[in-house]
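Presented below is the structure to which this report refers.
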Amino acid sequence: MSMYIIDDHPLVRQAIAMLLRRMRPASKVIELEKFSELQAAIIKNGEPELFVLDLLLPGVKGTSAVKDIKTMYTTVPLAVISSMPAGEAEETCIEAGADIYIEKSTPANEISSAIQGLFAAENGDEEVVAVGETKLSKRQKQLIVMLDRGLSNRDIATELDISEHTVKVHLWRLFRRLDVKSRTQTLHFARMNGLL
């Protein structure tokens, strides 16, 4: 399994690669300058376990690279890292399929924590709650209860002893699983389906 970093800034790319190698020494880290190099790199270096993608790549329009990756590798975690402030860009990237949005100005320990959060969410608890065709993990069921209590991301992070980035990842995956876009829609779904 390999982790792929696609960023046209060599310094940023190398810094992220160092971070990933420290986090997961057994994994292969592949650095790419262009999105167009990705398919050949995957054929040569093996199946992906993570993508870290710069949002502003030459020759790539908007979030098309995010959509392309998520179409081909729906279950592989995808972190978008960008120099653009989160705001609207974050929402657009998440809607396109990214699992998390990280600003390049974020300190290294927080970037590391956010990416660890992706792996933690990926290797989450067994699926135990079935709602029609939808299956939820213990953690996702727990999040619904916490949302119902009106807890903020920070409160949830404190209560679960995880980072706020990890909370965001869990919430985005829950929203995707339920095919909803907000906390309010999640709670509505939960009430309509007897989860609360």
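Evaluation of Q14 against the conditions (1) more than 30 Å from S182 (Cα to Cα); (2) in contact with a Leu (Cβ under 7 Å, 6 or more places away or on another chain); (3) part of a helix (DSSP H, G or I) shows that the sole unmet condition is (2).
Please work out if L19 is surrounded by 15 or more Cβ atoms within 10 Å (Cβ to Cβ), in contact with a strand residue (DSSP E or B) (Cβ under 8 Å, 6 or more places away or on another chain) and not assigned by TED's automatic domain parsing to the domain that holds R177.
Details: surrounded by 15 or more Cβ atoms within 10 Å (Cβ to Cβ): yes; in contact with a strand residue (DSSP E or B) (Cβ under 8 Å, 6 or more places away or on another chain): no; not assigned by TED's automatic domain parsing to the domain that holds R177: yes.
Answer is no for this residue.
Taking the range 122-164, which residues are of a type in the set (V, I, T), modelled with pLDDT of 75 or more and under 29 Å from F51 (Cβ atoms)?
To start, the set of residues in the range 122-164 that are of a type in the set (V, I, T) comprises 128-129, 131, 134, 144-145, 156, 158, 162.
Checking the rest, the ones that are also modelled with pLDDT of 75 or more come to 144-145, 156, 158, 162.
Within the range 122-164, I144, I156, I162 meet the criteria.
Looking only at residues in the range 168-180 that are free of Cβ contacts under 8 Å to residues at least 40 places away in the same chain and in contact with a helix residue (DSSP H, G or I) (Cβ under 7 Å, 6 or more places away or on another chain), which one is farthest from P107 (Cα to Cα)? If you could, list the steps in order and put the result at the bottom.
So in the range 168-180, the residues free of Cβ contacts under 8 Å to residues at least 40 places away in the same chain come out as 171, 174-176, 179-180.
Next, from what is left, pick out any that are in contact with a helix residue (DSSP H, G or I) (Cβ under 7 Å, 6 or more places away or on another chain): 171, 174-175, 180.
Details: L171: 22, L174: 27, F175: 27, V180: 31 Å.
The qualifying residue farthest from P107 (Cα to Cα) is V180.
Of the helices (runs of 4 or more DSSP H) entirely within the range 138-196, those holding at least 3 residues that are within 16 Å of the chain's Cα centre (by Cα) and among the charged types (D, E, K, R) occupy 164-178. Candidates are the residues of the range 30-77 that are among the polar types (S, T, N, Q) and assigned to a loop (DSSP other than H, G, I, E, B); the one that is farthest from A96 (Cα to Cα) is T75.
The values are calculated or read from the model by the stated rules, or taken from the named source; none is laboratory data. Remember, predicted model here, so these are calculated numbers, not experimental data. All Cβ positions, even for glycine, are placed from backbone atoms using ideal geometry, and neighbour counts span all protein chains on display.
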